[in-house]
Amino acid sequence: MSKKNIVIMGVCGSGKTSVGLAIAEKLGCRFLDGDDLHPRANIIKMGEGHPLNDEDRQPWLERISDVFFSLSRRSENAVIVCSALKKKYRDVLRNGNDLIFVHLVGDYDTILNRMKKRQGHYMKENMVKSQFDTLEMPGADEKDVIAIDITPPLDVVIARAVSAVEAAMRD
């Protein structure tokens with residue numbers, strides 16, 4: 001299998017952590033939650049219910065890109081969860097890295113219902129709208145992005161994502 005690293009992307013509540021953990025386990029590579037790589041100021045800002053802007057996200061994206069770069073220099077693979085909502089954010093992550101993006105796609109109502117049930121996370125349901133407002137759906141020019149529908153049960157979503165990643169790593 002190639003040494004590509006994997007970004008699990010999508011809006012809040014799309015299942016990034018669950019799918020990312022499953023892919024990392026299946027592939028035998030590291031798992032990192034991109035939320036753990038946010039600067040303190042970003043965590044505080046989101047915890048207060050304020051969406052991040054591009055300036056807030058830049059150091060976070062650079063940190064994630066650097067982690068991928070560091071791991072690849074040691075011939076390690078990783079799965080990192082990162083919303084990667086805009087193309088320019090994905091481009092920061094791509095810089096110097098060989099990546100596969102798994103985009104977990106769901107509609108607003110599905111995501112909002114999930115967020116209402118979520119506990120113990122700093123991302124509150126009022127942030128869902130800002131996530132969808134920020135999201136730039138990957139275009140046909142982004143050949144390294146795999147779209148996975150999150151409507152089916154989680155085990156089906158995971159199976160489809162794992163299968164798609166394995167196929168992309170063989171290419």
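The values are calculated or read from the model by the stated rules, or taken from the named source; none is laboratory data. Quick caveat, the model's predicted, so the values are computed rather than measured. Each accessible area value is taken on the protein alone, full model and side chains, heavy atoms only, with ligands, DNA and RNA left out. Shrake-Rupley method; radii C 1.70, N 1.55, O 1.52, S 1.80 Å.
How large, in percent, is the carbon and sulfur part of the accessible surface of the chain at a probe radius of 1.4 Å? Spell out each step's value before the answer.
Working: 4300 of 8700 Å².
Of all accessible area on the chain, carbon and sulfur atoms account for 49 percent.
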Original post:
Of LYS26/LYS129; LYS4/LYS87; LYS87/LYS143; LYS4/LYS26; LYS26/LYS116; LYS87/LYS129, which ones are farther than 21 Å apart at the Cα?
Top reply: LYS26/LYS129; LYS26/LYS116
Original post:
If eta is 1.306 mPa s and T is 10 °C, what Stokes-Einstein diffusion coefficient results for segment 130-170, Kirkwood Rh from Cα pairs, in µm²/s?
Top reply: 134 µm²/s
Original post:
Which distance in Å, rounded to a whole number, links the C-alpha centroids of segment 150-171 and segment 1-45?
Top reply: 15 Å
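Averaging sequence separations of C-alpha pairs under 8 Å and six or more residues apart, then dividing by the length of segment 3-83, give the relative contact order as a whole percent. Provide the component values of the computation, followed by the final result.
Working: 89 pairs, mean separation 45.6, N = 81.
Once normalised by length, the contact order is 56 percent.
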**OP:** Please report the relative contact order for the chain, taking Cα pairs under 8 Å with a sequence separation of at least 6, and give it as a percent rounded to a whole number.
**Re:** 36 percent
Original post:
How much solvent-accessible surface does THR110 expose, in Å² to the nearest 10, with a 1.4 Å probe and all protein chains in place?
Top reply: 40 Å²
**OP:** Would you kindly find the accessible area of SER72, with a 1.4 Å probe and non-protein molecules such as ligands, DNA and RNA excluded, rounding to the nearest 10 Å²?
**Re:** 50 Å²
Original post:
Computed over the Cα atoms of the chain, what is the ratio Rg over Rh, Rh following Kirkwood?
Top reply: 0.93
Subject >> Theoretical ellipticity at 222 nm over the chain - DSSP helices of four or more residues, -39500 (n - 2.57) apiece, nearest 500 >> reply: -15000 deg cm²/dmol
Original post:
Just the accessible area per residue of segment 1-125, please: how many Å² with a 1.4 Å probe?
Top reply: 49 Å²
